[in-house]
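Following: one structure in structure tokens, then a few remarks.
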Amino acid sequence: MTATPANLPDIDAFTRPYWDAAAEGRLLLRRCAACDRVHHYPREFCPHCWSEDARWEEASGRATLYTWSVVHRNDLPPFGERVPYVAAVVDLAEGPRMMTEVVDVAEDDLRIGMQLRVAFRREGAEGSAGVVTVPVFTAAAAGSSGPAREAVA
């Protein structure tokens, strides 16, 4: 068993579809067939009714900024190399809240309620098995209704 770097998620058979979709520029959520509610982060059961009958579905990629904090100091690798960065909680259009990062938005332009869209950033060393694509969010362009398919740095 190889160790996963601290900044990368542990991917198992259950979460593999989520990470594979992210690598393709798609954000997946789980919808419960019993209560019809959507949840995020991926779990094998519904956190609302505890049913195990939940299925993957593609999210719209739209979100609203709920809250954020600009991190100016983080001594944990690799985050120290990224400061400052915007740690955020967003309300996905489908309902769930998601912890994430807001990228390519000036600190002074951040506003509670601002419209965002998903983008994707590759993490880990290229050419190694430790490369993962993670969802992040950026400002939604006027008239934009879908996710940003381009990768962000």
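Out of segment 69-106, which residues are of a type in the set (A, V, I, L, M, F, W, C) and within 12 Å of Phe137 (Cα to Cα)? Even if it seems obvious, please write down each step before you answer.
Initially, segment 69-106 is screened for residues of a type in the set (A, V, I, L, M, F, W, C), giving 70-71, 76, 79, 83, 86-90, 92-93, 98-99, 102-103, 105-106.
Hits for segment 69-106 are Val86, Ala87, Ala88, Val89, Val90, Leu92, Met98, Met99, Val102, Val103, Val105.
Consider segment 52-68. How many of its residues are surrounded by fewer than 11 Cβ atoms within 10 Å (Cβ to Cβ) and either of a type in the set (Ser, Thr, Tyr) or at positive phi (or both)? Within segment 52-68, residues that are surrounded by fewer than 11 Cβ atoms within 10 Å (Cβ to Cβ) and either of a type in the set (Ser, Thr, Tyr) or at positive phi (or both) number 0.
Just need a number here: residues in segment 120-152 that are at pLDDT 65 or above, closer than 14 Å to Val105 by Cβ and crowded, with 17+ Cβ neighbours inside 10 Å. Result for segment 120-152: 5. Of all residues in segment 96-113, exactly one satisfies the criterion of being within 11 Å of the chain's Cα centre (by Cα), under 10 Å from Tyr66 (Cα atoms) and either among the charged types (D, E, K, R) or in a loop (DSSP other than H, G, I, E, B) (or both), namely Arg97.
Looking at Arg73, Arg43 in this structure, which one is of a type in the set (Lys, Arg) and open to solvent by less than 50 Å² (accessible area, probe 1.4 Å)? Even if it seems obvious, please write down each step before you answer.
On the way: Arg73 fails: open to solvent by less than 50 Å² (accessible area, probe 1.4 Å).
Of Arg73, Arg43, the one residue that is of a type in the set (Lys, Arg) and open to solvent by less than 50 Å² (accessible area, probe 1.4 Å) is Arg43.
The single residue among Ala54, Ala88, Ala93 that is within 25 Å of Ala13 (Cα to Cα) and either at pLDDT 95 or above or not basic (Lys, Arg) (or both) turns out to be Ala54.
Scan segment 66-77 and tell me whether some residue there is modelled with pLDDT under 95 and within 26 Å of Pro17 (Cβ to Cβ). The answer is no, given that none of the residues of segment 66-77 is modelled with pLDDT under 95 and within 26 Å of Pro17 (Cβ to Cβ).
What residue, of Ala93, Ala33, is under 19 Å from the mean Cα position of the chain (by Cα) and open to solvent by 40 Å² or more (accessible area, probe 1.4 Å)? Explain how you work it out, then say what you get.
Details: Ala33 fails: under 19 Å from the mean Cα position of the chain (by Cα).
None of the other options fit; the residue is Ala93.
In segment 12-51, what residues are of a type outside the set (A, V, I, L, M, F, W, C) and on the phi > 0 side of the Ramachandran plot? Within segment 12-51, Gly25, Asp36 qualify.
Residues to consider are Ala22, Ala106; find the one that is among the small types (Gly, Ala, Ser) and surrounded by 14 or more Cβ atoms within 10 Å (Cβ to Cβ). Exactly one of Ala22, Ala106 is among the small types (Gly, Ala, Ser) and surrounded by 14 or more Cβ atoms within 10 Å (Cβ to Cβ), namely Ala22.
On inspection, Val89 qualifies as among the aliphatic types (A, V, I, L, M), out of contact with any Cys (no Cβ under 8 Å at 6 or more places or on another chain) and closer than 18 Å to Thr64 by Cβ.
Total residues in segment 15-48 satisfying the condition of being touching a residue at least 60 places away in the same chain (Cβ under 8 Å), not basic (Lys, Arg) and not in a helix (DSSP H, G or I): the figure is 3.
The values are calculated or read from the model by the stated rules, or taken from the named source; none is laboratory data. Remember, predicted model here, so these are calculated numbers, not experimental data. A quick note on method: Cβ atoms are made from the backbone with ideal geometry, for glycine too, and the neighbour counts reach across all protein chains shown. Just the protein is used for accessible areas: all its heavy atoms, side chains included, with ligands, DNA and RNA removed. Shrake-Rupley method; radii C 1.70, N 1.55, O 1.52, S 1.80 Å.
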